[in-house]
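Trainee: Quick one: structure below, then a few questions.
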Amino acid sequence: MEKEYIDEAGFSRETTAFPELRRPRQPGKHPRLREFIFSVKRFLSNPLSIIGLLIILSFAVIAILAPILAPPPYPDDPYKMPHKGWQMTPSPPSPENPFGTLQQQYDIYYGIVWGARNAFRIGFFVVLANLVVGIILGSLAGYFGGVVDEIIMRITDIFYSLPFLVIAMALVVAIGRGLTSIILVLIILGWPTYTRVIRGEILVIREKEYILAARASGASHLRIIFKHVLPNSIYSVLIIASMQVGTVLITAAALSFLGLGSETGYADLGQMVSTSRNWIVGPPDDRLAYWYVVFIPGFVIALFVLGWNLLGDAARDVFDPKLRRR
Amino acid sequence: MNENGHNVVDIRSLKKYYPVRGGVFKRHIADLKAVDDIDLSIRKGECLGLVGESGCGKTTLGKTILRLHEATDGRIYFDQPKDKIEEVERLLASQRPEEIARGKTLLGIMDITRVSRKRLLALRKKLQIVFQDPSNSLNPRMLVKNIVAEPLVTQKLVESRELEDKVVSLLNTVGLAREHLMRYPHEFSGGQRQRIAIARALATNPDFVLMDEPTSALDVSVQAQILNLLKKLQSDFSLTYLFVTHHLLVVKYISNRIAVMYLGKIVELSETEELFTNPLHPYTKALLSAIPVPDPDTGIEKIILSGDVPNPIDPPSGCRFHPRCRHAREVCREEVPKLESAGEAHQVSCHLWREL
Amino acid sequence: MEKLIETEDLYTNFFTFEGVVRALNGVSVVVNQGETYGLVGESGCGKSVTVRSMMRIVQEPGKIVGGKILLFLSSEDRQKGIDIIKRSEAFMESIRGDDISMIFQEASTSLNPVLSIRDQVGESFLLHRRGELLEETLKQLADELKSNGFPLAMAWKGFQRWLFRRELESLRRYEKHVKEIDRELYELEEKTDPRSTRRKSSLNARRDRLSEHDFLVSAVKKSPFLERYYKKIHKIVENKIIELLKSLGVPNPANVLKSYPHELSGGMQQRIVIAIALACNPTLLIADEPTSNLDVTIQAQIIELIKMLKENIITSVLFITHDLGLVAEVCERVTVMYAGDTCETTSVKELFKNPLHPYTKGLLSSVPRIEQVEKLHTIPGTVPNLINPPAGCRFHPRCPSAMKICAERKPPMVEYKEGHTVSCHLYPGEEV
């Protein structure tokens, strides 16, 4: 009986009826590995995503090797930038300070190296916390709907209606200025975006018939959410999250620039730009005399953001089911 | 399949209304009557075809039986002896409050629409479903192995050591092999995917399988494969099917009995042969004549119905088919026809069936 | 019979990330003047890609990579066809509107949800029948100007007439230019020497650049208040739409005109799509599965409508479907396709009575019949992946009578009988 079934489905004759003409089967890899290889190939087929990956990788290498690239003079607080003397005028790049110094002779090179490490710290912290909150609230709202959805979404609406920068400044001032409070405030204000996206995505997935099929076979809500709903809806937030790592850094830098960040001398890219705001324009006879103080940290911030954005675009190509198999 | 046989599913005056909300405060302004007061029994071992156009409520009816939709009113008995059902019906219809109360408590264990969560979970083993579009009903990020095993895992029916063997034997029964275990759904063609979906439905050894248009997303040659497979599985595993479709030739091939639905009501119910040779309801006649016959020389005259299916939110008065019926009379506009017996194993809901 | 459109050995590929999908594998079909021609096959057989290639609207990442599409236009003498693959995009635009129109499977997605039915059908009228409409408007204005009226109103009407005349003149001028270019291109059609090739490409480029732009008319159309003069023509269009909708069996056309697509039922939407296609007076109507999303009773209505149109209005219909029942009902001649190959072409009666190709035979016997009692016949296996199609005849892995040669060589199209061509090694014969 089984023989008959199999013959009808016809797998034995998939490509040709004649065994000698049949192409050799590909060696069996585990399907997850195959999918992964496919994703990597897809990723590498786009030159822009390679550039993005290279940028982020080099930042990561710098961040990891920071203690070797720029040995901290104060080992118990490596983010404290070393400086020689208190002279206010920045000094230009020299063998001793390859990128020059800020006012009060803070070494820009040291700031960049440890600032890169700091940038990852800010980005990952904020985005991870946002992801966790967003996924939990978004799944609840999207999957269960009704009153739960109504309450959660109205709260996100309230957050959306607040003027972001004003509230962020107020909160930072209330908590006390410093990098930690900036991170905290960005977490408090950032989750609604993720919640909305994941809820929208789940509203689509919820209507798919495999959800009904799982329910018909008696699966619990928790199992449906974790096995069926989230694996199919999480990629859109992951794409957003990878882009947000850069955006978060810009926002943190903006808050630092407004004077709400850490004190002068802390190895934070935003703080470095903020410290140099008096030196953007040089004296009348040489307007570009202090170009390095703003340009170098600013350029590094831009590069960091660009890298994450390119990576996010690449992630979309790889993960978005609509683009994936085209 | 004798007349006195056991019914797998007994549906009594089932209603499923969807509230239509409108206005600023989302007030309940009307009901969409997807299933409106339906009585239907599905006998053990038969394949009952449920035919109708889109929006007639046939899929809703099927999914309500599986309690994927909650019923608005009515009772669905699953696998209960006839005398017990009659007893409960009598209690419910009685005038005395204590008898009604007793009936209600009995319903709590017999009626799919009322059973508790725990009982429902056990019932899910016996009731399964195959969906229309296999590309939509298989989770694209799960391996075939896990898809087919899911009902076994959630119902904790098989130990994990034996799981793989069980899944392979299920795949074998639907014509797939061990080599397909570790693949994703997108690596299969439509027909193969539908086979996977069927394997999943069979995993828990169900008694009753709802076929929700299982072949309408497939090509003709593959459709024939699946239909033959379903027929074979039915006799091998003594399954009962409710086969929902809009394709009359498919239903003719696979069903023993056919129920024709129009706008939430059953208009005709009969043995398959009888329905095709002797249709009584004007709607059934029109449906039958509208089938495109793959034969250029047929001289069958078409009955072209005018107009569209009316909106189920505001269905026509009396017989719901009367605005499109060319035989409609005064009585059709005013009185709702009852489903009445018209010969052996043939029921029709039309005022005029004797004359037409 | 005279040919209307013909494809010769057409190859269309889709360049996807996973590989090249060889969707068409040398498709040759001929649609004659005045017939209803059917393309049948299962999903993925290339029937839609064939007609999309004919219209040159294959979407990214698809591309026509080989073959010819010959169009035999009524305006030219019918001796030689025009290979439209080599023509300019502007030429294609004029063809798509005028001579060939197409209706798609999903009526709801081929209508724009934010425009009313009047706007959508009207747009089609204004695009394809503007000359006719302008003439009619001018005639009406001339009548109105003959009678007496307020001097101011008469002046306004005179102004309208002046503008409409100007527009008509520039349109005619444009059409004359286009005609000249097309005639020259037609004469150069089969010449391949370098000089004619250069001339052809320059002509094609010129045709793309050509426009009927009249500064004054377009300025007035954009200026406030004055643009109201164009309402005159809209009135006429509206009457025409009502007439057209009435002829398509749309009840209450005046009301339907004001409604939006979502307010109409599926069957009615498909009628509107047909109305849009008919507004341009096509010689050939391509219907790409026009009823497969509709219910049987509505499908019967639409099929009846298409048959009626075929008898009264359009000369030829190219009907694409997977439903053999519909083919039997609608078509006169039919081609069966499988996985990008054409299997056989013959008249409908012959196809159902005497199918030759094993695939056709299998397909015909796997449809459940009313009188079906015995087990359904099936074709084993599944449609192949076209990235890596089987060599030789693409059907051979599933074919019950496959031979060794089937896996090695693609069978040629042979005329096995009068008017019955088949591509299968079982039927030797001379290649067509």
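Trainee: Checking an interface number: how much accessible area is buried between B and A, summed over both chains, with a 1.4 Å probe, in Å² rounded to 100? Kindly include the intermediate steps, with their values, before the conclusion.
Mentor: Values: alone 17910 and 18790 Å², together 33140 Å².
The summed interface area works out to 3600 Å².
Trainee: Which residues in the range B:181-200 place their backbone N less than 16 Å from a point set 7 Å from the Cα of B:D236 along the Cα-to-Cβ direction?
Mentor: Counting backbone N atoms under 16 Å from the label point, the list is B:192, B:194-200.
Trainee: Could you give the nm distance between label points at C:L171 and C:I313, where each point is 7 Å from its Cα heading toward the beta carbon?
Mentor: Label at C:L171, label at C:I313, 2.0 nm between them.
Trainee: Compute the convex hull volume of the Cα atoms of the range C:131-235, divide it by the residue count, and report the result per residue in Å³ as a whole number. Could you put the intermediate results ahead of the total?
Mentor: Details: hull volume 11.2 nm³, N = 105.
Each residue corresponds to 106 Å³ of Cα convex hull volume.
Trainee: Of C:F150, C:L138, C:S201, which is farthest on the positive side of the dipole of the range C:131-235, counting Cα position, with +1 on Lys and Arg Cβ, -1 on Asp and Glu Cβ, and the Cα centre as origin?
Mentor: Checking the options against the dipole of the range C:131-235, the answer is C:F150.
Trainee: Just the number, please: percent antiparallel of the DSSP beta bridges in the protein assembly as shown, rounded to the nearest 5. Don't skip to the answer; put the middle values down first.
Mentor: Values: 66 of 102 bridges.
Within the protein assembly as shown, antiparallel bridges account for around 65 percent of the total.
Trainee: Further question: How many Å² of accessible area per residue for the protein assembly as shown, probe 1.4 Å? Numbers along the way, then the final one.
Mentor: Details: 50620 Å² over 1114 residues.
I get 45 Å² per residue for this part.
Trainee: Let me ask something else. Once both axes come from the Cα atoms, what is the angle between helix A:47-64 and the longest principal axis of chain A, in degrees from 0 to 90, rounded to 10?
Mentor: 50
Trainee: How large is the helix-only mean residue ellipticity at 222 nm for the protein assembly as shown, computed as the sum of -39500 (n - 2.57) over DSSP H runs with n ≥ 4, divided by its residue count, in deg cm²/dmol to the nearest 500? If you can, show how the numbers build up before the last one.
Mentor: Numbers: 41 runs with 522 residues, N = 1114.
The per-residue figure over the protein assembly as shown is -15000 deg cm²/dmol.
Trainee: Quick query: amide H of B:Q347 versus all other amide H atoms, modeled in the peptide plane; which residues come in under 5 Å with a sequence gap of 5 or more or a different chain?
Mentor: B:L269, B:S270, B:A342
Trainee: Can you pull out the GluC sites (Glu not before Pro) in the range A:137-238 that DSSP calls coil and that have at most 10 other Cβ atoms within 10 Å? Display every interim value, and only then the final one.
Mentor: On the way: sites: A:E150, A:E201, A:E207, A:E209; in loops: A:E207.
Those satisfying the criteria are A:E207.
Trainee: Between the range A:61-113 and the range C:102-145, what is the separation of their alpha carbon centroids in Å?
Mentor: 72
Trainee: With +1 on each Lys and Arg Cβ and -1 on each Asp and Glu Cβ, how big is the dipole of the protein assembly as shown about its Cα centre, in debye rounded to the nearest 20?
Mentor: Numbers: 138 positive and 128 negative charges, 422 e Å.
Taking the Cα centre of the protein assembly as shown as origin, the dipole is about 2020 debye.
Trainee: Separate question: Starting at the first residue of the range A:253-258, write each ³J(HN,Hα) from the Karplus equation 6.51 cos²θ - 1.76 cosθ + 1.60 with θ = phi - 60°, in whole Hz, x for Gly and Pro.
Mentor: In residue order, the calculated couplings are 5, 4, 5, 4, 4, 6 Hz.
Trainee: Separate question: Residue by residue through the range C:251-261, what is 3J(HN,Hα) from phi via Karplus (6.51 cos²θ - 1.76 cosθ + 1.60, θ = phi - 60°)? Round to whole Hz and write x for glycine and proline.
Mentor: x, 6, x, 5, 6, 4, 3, 7, 8, 10, x
Trainee: Per-residue mean of other chain beta-carbon atoms within 10 angstrom of the beta-carbon, peptide C:381-391? Working shown, then result.
Mentor: Numbers: counts 15, 13, 6, 4, 4, 0, 0, 2, 1, 7, 4.
Mean inter-chain Cβ contacts per residue within 10 Å come to 5.
Trainee: My understanding is that a pair violates if its Cα-Cα distance is over 29 Å; which of B:K16/B:K84; B:K16/B:K156; B:K58/B:K104 do that in this structure?
Mentor: On the way: B:K16/B:K84 25 Å; B:K16/B:K156 32 Å; B:K58/B:K104 27 Å.
Among B:K16/B:K84; B:K16/B:K156; B:K58/B:K104, the Cα-Cα distance tops 29 Å for B:K16/B:K156.
Trainee: Report, as an integer, the average count of C-beta atoms from other chains found within 10 Å of each Cβ along C:402-409.
Mentor: Working: counts 4, 2, 4, 0, 3, 7, 2, 0.
Partner-chain Cβ atoms within 10 Å, mean over residues of C:402-409: 3.
Trainee: Give the long-range amide H neighbours of B:C47: residues separated by 5 or more places, or on another chain, with amide H under 5 Å away, using H modelled in the peptide plane at 1.01 Å from N.
Mentor: So B:C47 has HN proximity to B:Y241, B:N256, B:R257.
Trainee: OK, next. Run through the DSSP bridge list for chain C and note the antiparallel percent, rounded to the nearest 5. All intermediate terms of the calculation are to be shown ahead of the outcome.
Mentor: Numbers: 33 of 51 bridges.
Around 65 percent of the beta bridges assigned by DSSP in chain C are antiparallel ones.
Trainee: Could you pull out the trypsin sites (Lys or Arg not before Pro) across the range C:155-239 that fall in loop regions by DSSP (anything but H, G, I, E, B) with no more than 13 other Cβ atoms inside 10 Å? Could the numbers behind the result be given before it?
Mentor: Working: sites: C:K157, C:R161, C:R165, C:R166, C:R172, C:R173, C:K176, C:K179, C:R183, C:K191, C:R195, C:R198, C:R199, C:K200, C:R206, C:R207, C:R209, C:K221, C:K222, C:R228, C:K231, C:K232, C:K235; in loops: C:K191.
Counting only loop positions with at most 13 other Cβ atoms within 10 Å, the trypsin sites (Lys or Arg not before Pro) in the range C:155-239 are C:K191.
Trainee: What FRET efficiency comes out for B:H186 versus B:D165 if R0 is 22 angstrom and r is the Cβ-Cβ distance? Round to the nearest 0.05.
Mentor: Working: r = 26 Å, r/R0 = 1.17.
After rounding to 0.05, the efficiency reads 0.30.
Trainee: Run the reach check for C:K191 against lysines, Cα to Cα strictly under 30 Å, same-chain hits fewer than 8 apart removed. What comes back?
Mentor: Partners within reach: C:K3, C:K63, C:K68, C:K80, C:K86, C:K176, C:K179, C:K200.
Trainee: If you don't mind, another one. Calculate the FRET efficiency for A:T89 and A:F124 from the Cβ-Cβ distance with a Förster distance of 35 Å, rounded to the nearest 0.05. Don't skip to the answer; put the middle values down first.
Mentor: Details: r = 36 Å, r/R0 = 1.03.
Rounded to the nearest 0.05, the efficiency is 0.45.
Trainee: Also: Of C:P290, C:P282, C:P194, which is the most mobile in a GNM of chain C whose springs link Cα atoms less than 10 angstrom apart?
Mentor: C:P194
Trainee: Taking θ = phi - 60°, what integer Hz values does the Karplus form 6.51 cos²θ - 1.76 cosθ + 1.60 yield along the range C:183-194, in sequence order, with x for Gly and Pro?
Mentor: Each residue of the range C:183-194 in turn: 5, 5, 4, 5, 5, 7, 2, 9, 7, 10, 5, x Hz.
Trainee: Going Cα to Cα from A:K227, which aspartates and glutamates come in below 12 Å? Please leave out same-chain ones fewer than 8 positions away.
Mentor: B:E150
Trainee: Tell me the angle of helix C:117-128 to the major Cα principal axis of chain C, expressed in degrees between 0 and 90 and rounded to the nearest ten.
Mentor: The angle comes out at about 90 degrees.
Trainee: How big is the antiparallel share of DSSP beta bridges in chain B, given as a percent to the nearest 5? Could the numbers behind the result be given before it?
Mentor: Numbers: 30 of 48 bridges.
Taking every DSSP beta bridge with both residues in chain B, the antiparallel ones total about 60 percent.
Trainee: Using a Förster distance of 56 angstrom, determine the FRET efficiency expected from the C-beta separation of B:E87 and A:I151, and round it to 0.05. List each step's numbers first, then the result.
Mentor: On the way: r = 46 Å, r/R0 = 0.82.
The value I calculate is 0.75.
Trainee: Leaving out ligands, DNA and RNA, and with a 1.4 Å probe, what % of the accessible surface on the protein assembly as shown is carbon or sulfur? The partial results should precede the final answer.
Mentor: On the way: 28420 of 50620 Å².
Result for the protein assembly as shown: 56 percent of the exposed heavy-atom area is carbon or sulfur.
Trainee: Which of the lysines could a cross-linker bridge to C:K231, judged by Cα under 23 Å and excluding same-chain residues fewer than eight apart?
Mentor: C:K139, C:K146, C:K157, C:K221, C:K222, C:K240, C:K246, C:K258
The values are calculated or read from the model by the stated rules, or taken from the named source; none is laboratory data. Every value quoted in this text rests on a predicted model; they were computed, and no experiment measured them. Backbone-built Cβ (ideal geometry, glycine too); neighbour counts: all protein chains shown. The accessibility values were calculated without ligands, DNA or RNA, using every heavy atom of the protein model including side chains. Shrake-Rupley method; radii C 1.70, N 1.55, O 1.52, S 1.80 Å.
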